[in-house]
Amino acid sequence: MRIKILQTLAMVLAAFPVVGLAQAPKDGVYISDDDVKAVLKHSVDTKRTIPDNTLRVIDMDKYQLGVAVIHRGAMGGGGGANAAAAANPSPACGEQRPDAKGPTGIFHDDTAESYVVISGSATLITGGTIVNGRRSAPDSEVTTILNGPSCSGTMVGYTSRKIKTGDIIVIPEHVPHGFSDVPDHVTYLSIRPDLKKVLQHGYVNPALKK
């Protein structure tokens, strides 16, 4: 299943130059199943605390394209966004409601995301509003490599959906999203068009550097 998904993504990437991007790659950009596994293994070996791992940021001439793999372990319902926001010195964002409670979510200013679930299942929450949020720091990995400038905090008024292996989800810019429940694990690819080139140019995950 994963190999078929990666082959499909490779074909999608190969199609982008046809759109008329003069300096875009002249061939398809292939990210193998072994590459994905190597990045996930590196995350475990280095005891990485962030589940999100960018594999590459690809220069498409007029824009960039981030490709990432995310692995989330089991988690129950609820969230600790209020405590996290209180400990975060970054500027506030979203609506301010002192008594708001709910799961933690995030939205990104400049990058949309397309998820392809390759393993596991979860309850994905999207839409609604970020409340009592905090901006991602300008020099943080979230801002520079993963998603660009973002706002994270408590989510309210969202929609819940069960997602599973093989599902595809598209999340536009500024749309809050997060997870309220992961029974065992969920692993998914994320494709991130970077039209404003806010991500680190030419980034390659350390696990893939020769």
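The values are calculated or read from the model by the stated rules, or taken from the named source; none is laboratory data. For clarity, every value in this text was computed on a predicted model and none was experimentally measured. With ideal geometry, Cβ positions are generated from the backbone for all residues, glycine too; neighbour counts draw on all protein chains shown. The accessibility values were calculated without ligands, DNA or RNA, using every heavy atom of the protein model including side chains. Shrake-Rupley method; radii C 1.70, N 1.55, O 1.52, S 1.80 Å.
Between Glu95 and Lys210, what's the calculated FRET efficiency when r is the beta-carbon distance and R0 is 41 Å? Round to 0.05. Show your work: numbers first, answer last.
Values: r = 47 Å, r/R0 = 1.14.
FRET efficiency, Glu95 to Lys210: 0.30.
If I take every Cα pair under 8 Å that is 6 or more residues apart in the range 99-210, average their sequence separation and divide by the length, what percent do I get for the relative contact order? Write down the numbers at each step before the final one.
Values: 274 pairs, mean separation 48.9, N = 112.
Averaging sequence separation for qualifying contacts and normalising by length gives 44 percent for the range 99-210.
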task = Could you state how much accessible area Glu113 has, in square angstrom rounded to the nearest 10, with a 1.4 Å probe and all protein chains kept in place?
result = 0
inquiry  = Within the range 149-186, name every residue whose backbone N is under 11 Å away from a label modeled 7 Å from Cα of Tyr63 along the Cβ vector.
reply    = 173
message = Multiplying the sequence separation of His201 and Arg72 by 0.36 nm and subtracting their Cα-Cα distance, what value in nm do you get?
response = 43.8 nm
note = Ignoring ligands and nucleic acids, Thr54 exposes an accessible area, probe 1.4 Å, in Å² to the nearest 10, of 10
key: Cα gyration tensor category, rounded, prolate or oblate, for the range 89-210 with a/c compared to 1.5   = oblate
query = In this model, which of Lys26/Lys210; Lys37/Lys164; Lys47/Lys162; Lys47/Lys196; Lys41/Lys162 are farther than 30 Å apart at the alpha-carbon?
reply = Lys47/Lys196
